[in-house]
Amino acid sequence: MEKITCSLLVFLVLASTSPVSNAQPAQSSPSLASRIELLREKLTLHDDPYVFVIAHRGCTENAPENSIKAITDCIALGVDMVELDVRKTADGVLILMHDDTLQRTTNGHGNVSDYNYEDLAQLTLKMGFGGDKVKITSERIPTFEQAMLAAKGQILVNLDGKAEVYDDAFSVLNLTGTQDHILMKKWLKPSDPSLSLQTPFNQVLSMPVLAEPKAYQSKDYFTANDYQAQLQTHPIAAEFIFDSLDFAYQASQLAQQAGVRSWLNSLTGWTSAGLGDTQALQDPAAVWGMFLAMGYSMIQTDHPVQLLDYLKQISCQDKPSCQRHLLSLKPNE
């Protein structure tokens, strides 16, 4: 991992002395407004100290990835947002599925795009993130429509589209009345048109994915400053992929100046300078705490329970009467 520069070290030391607030304001309560309304309000206030917990492919400790149970488990835990992968079947049905093949996550084989949904609906999903010799569950491959109905009124959804599914996904959002539940994202280069100029991204909350890595998919290598024009179009948030902590810090600072929330992928660490969930579980302050100090206020993780626990700890430390974080509130509570 690249060494942190002196200026970044000084910043982190100073920032670590500033409190990170995760307490819910007294005037806001799920009894006065819906959970979706509260979450959207927080999301649109870039300088609000509220930290969003995003579950990667759902809550997978006791459920298959991209399943209805993975969504409902997140709702039960009080997670803010669930990231879901969406692709299309041979007959044009949108389903939840990360890979373009079936074998890792289901008891089937072959390419997703070769099957009609009626055939895929007969398959069952493997537990967690799947793989060889993993338990087969009774969970079925859900359609995107089924997923949005499961999420409706209770949790936000981050749509990670595989191929061009966005127009069809927007039609599903209209059908289910969940346009206000979605955060759509798309990879952008500095020269690409902003999402505010692209349909249907300009009709929902949307977020560009802005990457530094040299080796990811192409030879392009961008600095944080290269993305300044994209940030100045004022998306709700920006998802940063980075090899270096210098980029991470510079990007979050540019985002704050533009009034944009910064999204961190904790996960395996390849998207975050080698600092992922594995390291965070051993020392959450050194990973999640450091990125919070940099200004990241949206964290996607494979371990939402542990992240929720950490946020509760830092928001309520030495404050026995402090209010619970919105994350811990159950629907209709």
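The values are calculated or read from the model by the stated rules, or taken from the named source; none is laboratory data. Just so you know, these numbers come straight off a predicted model, no measurement behind them. When we count neighbours, we look across all protein chains shown, and the Cβ atoms used for this are built from the backbone with ideal geometry, even at glycine. With ligands, DNA and RNA removed, areas are computed over all heavy atoms of the protein, side chains included. Shrake-Rupley method; radii C 1.70, N 1.55, O 1.52, S 1.80 Å.
Values for this structure:
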{"item": "Value of D in µm² per second that Stokes-Einstein yields for region 119-230, Kirkwood Rh from Cα pairs, at 20 °C (1.002 mPa s)", "result": "129"}
{"item": "When each of K126/K312; K69/K185; K133/K186; K88/K135 is checked by Cα-Cα distance, pairs over 28 Å", "result": "K126/K312; K133/K186"}
{"item": "R0 of 25 Å, Cβ-Cβ distance Q228-T199: FRET efficiency to nearest 0.05", "result": "0.55"}
{"item": "Accessible surface, per residue, of region 120-253 when the full set of protein chains is kept, probe 1.4 Å, Å²", "result": "44"}
